[in-house]
1. I'm checking my understanding of the structure. Among residues of segment 178-200 that are among the β-branched types (V, I, T) and within 14 Å of the chain's Cα centre (by Cα), which one is nearest to ligand 1 (Cβ to nearest atom)?
2. Condition (residue is more than 30 Å from R339 (Cα to Cα), more than 16 Å from ligand 2 (Cβ to nearest atom) and surrounded by fewer than 24 Cβ atoms within 10 Å (Cβ to Cβ)) applied to segment 87-110: is it met by at least one residue?
3. Go over the candidates A9, A40 one by one and state the one that is closer than 26 Å to L222 by Cβ and in contact (Cβ under 8 Å) with a residue 12 or more places away in the chain.
4. Just wondering, is there one or more residues in segment 283-303 that are of a type in the set (D, E, K, R), assigned to a strand (DSSP E or B) and within 21 Å of H127 (Cβ to Cβ)?
5. What is the number of the single condition among (1) free of Cβ contacts under 8 Å to residues at least 24 places away in the same chain; (2) within 20 Å of S266 (Cβ to Cβ); (3) not small (G, A, S) that P68 does not meet?
6. Which count do you get for residues in segment 43-65 that are assigned to a loop (DSSP other than H, G, I, E, B) and in contact (Cβ under 8 Å) with a residue 12 or more places away in the chain?
7. Hey, does segment 284-291 have a residue that's free of Cβ contacts under 8 Å to residues at least 60 places away in the same chain, among the β-branched types (V, I, T) and either under 14 Å from P100 (Cα atoms) or away from ligand 2 (no atom under 16 Å from the Cβ) (or both)?
8. Step by step: first the residues of segment 111-127, then only those that are surrounded by 24 or more Cβ atoms within 10 Å (Cβ to Cβ) and without any contact (Cβ under 8 Å) to a residue 60 or more places away in the chain, then the one that is nearest to ligand 2 (Cβ to nearest atom). Which residue is that?
Amino acid sequence: MIIVMRPDATAEQVDHVADLINEAGLKPHPIQGTDLYVVAVIGDDRLKDSSKFEQVPGVDRIMRVLSPYKMAAAETKPGERTQVRIGQGSGCVFGGTNIPVIAGPCSVEGEDKIIEIARLVKDAGAHALRGGAFKPRTNPYAFQGHGEDGLKMLAAAREETGLPIVTEVLTPADVELVAKYADCLQIGTRNAQNFKLLEAVGETDKPVLFKRGMSMTLDEYLQAADYILAAGNPNVILCERGIRTFENHTRNTLPLASVPELKRRSHLPIVVDPSHGTGHAYLVPDMSRAAVAAGCDGLAIETHQDPSHAMTDGAQSITPTVLKELMDSLARVAEAVDRTCLPLSTV
Ligand code: PEP
Ligand code: MN
C-alpha cells in the first residue's frame, strides 16, 4: 500500500501516519518527492483495514499494491498453472493443454433421459456430464429439481458412460449429500458470495466448478475463490457465465476479456459457459469458439436431446448434433492457439 499525503501535509502529519503504520505492525517508508510526501507501507496489509488511513489528517489517498486475494493469485504459483482433474483416473483435466467440454441438460429430468443424453454427449466427444438435481430458480413455483433422486440418476448415467458428473449444490446442509454422488460440485452464480457455502465445499475433497457471480467484479470473484482455497480445497475451476449489464439482446453479457484477465491474475483454470452467457442456442457455437480463441481451459455447454421440451433453459440448450459439429470446429480453433480439444476417448 502507498499512502499519498496532501501537498500541504506537515512533517508532523507524515510522522503521525508513520506511527499509525508501525502500530498496525507494518513498516513505514516515507519518500519525499518534489511536491509531496508518499509513505510506502512495507508488509502484508491485506489483513488490515487500510481504508481507515483515508481519515487521517494530511492524507490525500490510499493506493493498494497487493491484490486482496492471496491463494488464487498468480504470484502464489509463479510460472505454474493449476490443473484440476474431475473423476478419478478420468481424462477430464482443466488447466492443461487439452480443453475439456462439460455437456448435458440444465436439469436432470428423469433417469432414462439423463442416460440417453449422457450417451449422446459422450458420442459427440464431451468429457463430462452436467445436470442440476438441485436447481436455483428465480421463481419459487418453478421446477426445483429432483433432489437426491436426481443425484442417483446422474450416478446411473456415470455408471453407463464413465463420464464424470458435475452438479450444483445450493446450501451448506446439502454439501455432504451432493459430494457423495458428484465428481465436481458446482457453485452457481447466485451463491458466488455465499461464503458459508464456499467454506463448506472448501472442506470437501471434490473439485469445485465455481461460477462467477452475475454482479461480481473480478477482484470480488477471486477473493471469493480464496474462501474455497483457504478452507483446504485446491481444486477450484473458475467459470465465466456472463454478468448483468444494461444489454438485453442476450440473457447475460458474456465478457470474454475476463478469460485472459483471470489467467493473468490467477493460476486457476477458467471455464466458459456460453449457454447462460448468452441465453440463446444460436449464439452458443460462435461464443464457444470465441472462448477457446480467448484462452479458456474448458467449456460448459447445456445440451438437450429435445430443447423445445426441456424442463429448464431450453432456449439456450443445443442438441447433441450441434455439439458434435461444434467439437470438430473447436478442435481447429484450439490448434490455432496451441491447444487441443480432443474428445475424451482419445485423451
Ligand atoms: C446452471 O448451470 O444451470 C445454472 C443455474 O447456472 P448459473 O448459476 O450460472 O445461472
Ligand atoms: Mn441452466
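1. So, considering only residues that are among the β-branched types (V, I, T) and within 14 Å of the chain's Cα centre (by Cα), the one nearest to ligand 1 (Cβ to nearest atom) is T189.
2. The answer is yes, given that some residue of segment 87-110 is more than 30 Å from R339 (Cα to Cα), more than 16 Å from ligand 2 (Cβ to nearest atom) and surrounded by fewer than 24 Cβ atoms within 10 Å (Cβ to Cβ).
3. So the residue among A9, A40 that is closer than 26 Å to L222 by Cβ and in contact (Cβ under 8 Å) with a residue 12 or more places away in the chain is A40.
4. Yes; the residues of segment 283-303 include at least one that is of a type in the set (D, E, K, R), assigned to a strand (DSSP E or B) and within 21 Å of H127 (Cβ to Cβ).
5. Status for P68: all satisfied but (1).
6. Within segment 43-65, residues that are assigned to a loop (DSSP other than H, G, I, E, B) and in contact (Cβ under 8 Å) with a residue 12 or more places away in the chain number 8.
7. No, the conditions are met nowhere in segment 284-291.
8. I114
No lab work stands behind these numbers, since they all come straight from the coordinates. Source: prediction; values computed, not measured. No Cβ is skipped: glycine too gets one built from the backbone with ideal geometry, and neighbour counts run over all protein chains shown.
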